[in-house]
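Colleague: Let me give you the structure first, and then I'll get to my questions.
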Amino acid sequence: MTQHFKGTGISRRQMVKGLGAATLLPLVGGISPFAIGGQHAGKVVVVGGGFGGATAAKYLKRANPAIEVVLVEPAETFYTCPFSNLHLGGLRSMDSIAHGYDELQDRYGVRVIHATAEDIDAAAHTVKLSTGSELEYDRLVLSPGIDIRWNVLEGYDEDAAEKAPHAWKAGSQTEKLRAQLEAMEDGGTFVMVAPDNPFRCPPGPYERASLVANYLAQYKPKSKVLILDAKDNFSKQGLFMEGWERLYGDRIEWVGLSDDGRVTRVDADRLEVETEFGTVHQADVLNVIPPQKAGWIAERAGVTDDSGWVPVKPETFESQQAEDIYVIGDATVAAPMPKSGFCANAQAKVVAVAIAASLESRPAPAAHWTNTCYSLVGPEYGISVAGVYRVKDGVIAEVEGSGGVSPMDAPDTTRALEAEYAVGWYNAICQDTWGTQT
Amino acid sequence: MNRSIRRAVTPIMGTLLSLGAATTAVAETNLSSEQVGLLASACANCHGTDGRRSGSVPTIAGRPAAVLESRLLAFKHEETSDTTIMDRIAKGFTDEELVALAGHFAAIDPEAEGDSPADQEPQE
């Protein structure tokens, strides 16, 4: 659409708002620019090809195939954080958590550009790519994931992450941490530094500790896991602790904030960490999950606030700070929805229909999101948390009486079923997001 | 865009109607097909796009509307022991939404290559 109004200094949306869709029609020769199958249904650029971005691209095309959709993602292969803990625990290959973009291109007609989005001009509605080219958009979807806040933990910078991996973005970091774990001698301590809220995948650190313990129990039985936590409570805590006791005895030790668990300094060369009150812990393998913020392109777009995250309008996930920019996934402030791949996928679907509606100048359907998050305490021991959300009184709220966690004291058969469903969930969401067939 | 959702009239009659539901028992809901499509898209995260996946999580595409409806309503309202998570999820939907979702997935051909439910629904 943008090309029709170039040089007028007003966006298509402003024109629609100002003139009304009916009066707009004669401007483009009497042909509805929004007709399904027509040439001018609008152009949407999606930045980021993870659970949020890839889903948004696909569901935009499903909402209206006439919308031109461009997906910008640097990687040709995307490794998921979900199930990367299974690789860490020696239970899955990296290949099994790798996904590509063939379905989006071949089946849905999404144009996929493997480049980095380097800058965004929200006023001009353009995205600048690392290739030097510039993309115009009518609507922009940002699904930038997270970035690390380097040096907030003293001594934890990009160099330190080579020695004490965070492995909180799946890929080479995951492999590095796995290699260190494999090389660790029996009797060693795997020390994990866990961050305060909010951060990507609230139960992730504790699933990781579980699957590392599972590996150690089998291959390095004299070794331990120590979690130093910057908070006093964590996701599915009761269920994790019940499972740890049952499967791993005292192999996993968790130290919360009140017991001086908050790490303030990291010495990656010596694999040492120091807590708030001066306790120094020596690791044999050191996994630092540091404080996080929205992926940096969100800052460039001017959609982050002082918290480093992105405030959005609950009904549509359009930025509160920039018109026509929609932001989804871990980068957003969407509590009580957690920062999960499932939520990113669910938010993407709401955004897709909201954008399709806005391009036709009609109201979006009412937003509704679901989250299900499985964690594996062991390969055959799964637990879950679910939530269903709507907008209530202008804010995102969990539907009363819905959701919650798996029951405590459940029989082994229930845990085994949930472990099986965890795999079923992973396969389904990866099919839904990238078209990966398993 | 406002096609009504074909569905069985009541969950009690569900089993009796299951065979004839698609042709005889048609009722209106106040939900637009776009709204139902959005609600249904959330199911894909575990059941695959359009509910077509099979595996540890059951396929929901193409199952009789009455069966889906009675299951969904039971997940929401009754103490069922044969679920681990659907009871927690179903409680987040209204009865009308659950009924509409049952109709939506029943109308999808589980084997078809089509991309969206619209591909399988009769044209009006």
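Colleague: Nearest 20 debye, what's the magnitude of the dipole of the protein assembly as shown about its Cα centre given +1 on Lys and Arg Cβ and -1 on Asp and Glu Cβ? Present the calculation step by step, with values, prior to reporting the outcome.
Modeller: On the way: 49 positive and 75 negative charges, 234 e Å.
Dipole of the protein assembly as shown, to the nearest 20 debye: 1120 debye.
Colleague: Output the relative contact order of region A:187-255, whole-number percent, from Cα pairs under 8 angstrom with separation of 6+ residues. Don't skip to the answer; put the middle values down first.
Modeller: On the way: 85 pairs, mean separation 29.2, N = 69.
For region A:187-255, the relative contact order is 42 percent.
Colleague: OK, next. Taking each residue of B:46-59 in turn, how many C-beta atoms of other protein chains fall within 10 Å of its C-beta, and what is the average?
Modeller: That works out to 5 on average.
Colleague: Between A:V263, A:P202, A:G243, whose Cα lies farthest towards the positive end of the dipole of region A:154-290 when Lys and Arg beta carbons carry +1 and Asp and Glu beta carbons carry -1, centred on the Cα centre?
Modeller: Ranked along the dipole, the leading option is A:G243.
Colleague: Sort the following peptides by mean Cβ neighbour count (other Cβ atoms within 10 Å, averaged over residues), highest first: A:205-213, B:95-103, B:78-86, A:307-315.
Modeller: Packing proxy ranking, top to bottom: A:205-213, B:95-103, A:307-315, B:78-86.
Colleague: Hey, rough spin-label estimate for B:D109 and B:E78, points 7 angstrom out along Cα→Cβ, what's it come to in nanometres?
Modeller: Reported label-point gap for B:D109 and B:E78 is 3.3 nm.
Colleague: Could I ask something else about it? At A:M241 and A:F277, where each label point lies 7 Å from the Cα along Cα→Cβ, what is the point-to-point distance in nanometres?
Modeller: Result for the modelled spin labels: 1.8 nm.
Colleague: With +1 assigned to the C-beta of every Lys and Arg and -1 to the C-beta of every Asp and Glu, and no other charges, what is the dipole magnitude of region A:303-375 about the Cα centre in debye, to the nearest 20?
Modeller: Computed charge dipole of region A:303-375: roughly 300 debye.
Colleague: Which percent, to the nearest 5, of DSSP beta bridges fully inside region A:154-290 are antiparallel?
Modeller: Details: 7 of 22 bridges.
Given both bridge residues lie in region A:154-290, the antiparallel proportion sits at roughly 30 percent.
Colleague: Pick out, from B:G37, A:A75, A:L376, the residue whose Cα sits farthest towards the positive end of the charge dipole of the protein assembly as shown, with +1 on the Cβ of Lys and Arg and -1 on the Cβ of Asp and Glu.
Modeller: In the protein assembly as shown, that residue is B:G37.
Colleague: Starting from the Cα of B:T94, move 7 Å in the Cα-to-Cβ direction to define the label point; list residues of region A:325-355 whose amide nitrogen is under 20 Å from there.
Modeller: Under 20 Å, as judged by backbone N against the label point of B:T94, lie A:350, A:354 of region A:325-355.
Colleague: For chain A, calculate the relative contact order in percent as a whole number, restricting contacts to Cα pairs under 8 Å that are 6 or more residues apart.
Modeller: 17
Colleague: Using a 10 Å cut-off on Cβ to Cβ distances, tally the other chain neighbours for every residue of A:389-399 and report the average as a whole number.
Modeller: The shielding value for this peptide is 1.
Colleague: Can you give the average number of partner chain beta-carbon atoms within 10 Å of each beta-carbon in peptide B:87-99, as a whole number?
Modeller: The mean count of partner-chain Cβ atoms within 10 Å per residue comes to 4.
Colleague: Can you tell which of A:P411, A:P336, A:P290 shows the greatest fluctuation in a Gaussian network model of chain A with Cα springs below 10 Å?
Modeller: Checking each option, the largest mean-square fluctuation is seen for A:P411.
Colleague: Let a ≥ b ≥ c be the square roots of the eigenvalues of the Cα gyration tensor of region A:154-290; is it rounded (a/c under 1.5), or, if not, prolate (a/b larger than b/c) or oblate?
Modeller: rounded
Colleague: Mind checking which of A:P363, A:W296, A:H166 is farthest towards the positive end of chain A's charge dipole, using Cβ charges of +1 (Lys, Arg) and -1 (Asp, Glu) about the Cα centre?
Modeller: My answer, from the dipole projection, is A:P363.
Colleague: Quick check for me: using +1 on Lys/Arg Cβ and -1 on Asp/Glu Cβ, what's the dipole size of region A:117-266 about its Cα centre, in debye to the nearest 20?
Modeller: 580
The numbers here are math on the coordinates, done by the rules we state, and not lab data. Just so it is clear, the model here is predicted, and its values are computed rather than measured. Don't worry about glycine lacking a Cβ; one is built from the backbone with ideal geometry, like all the others, and counts go over all protein chains shown.
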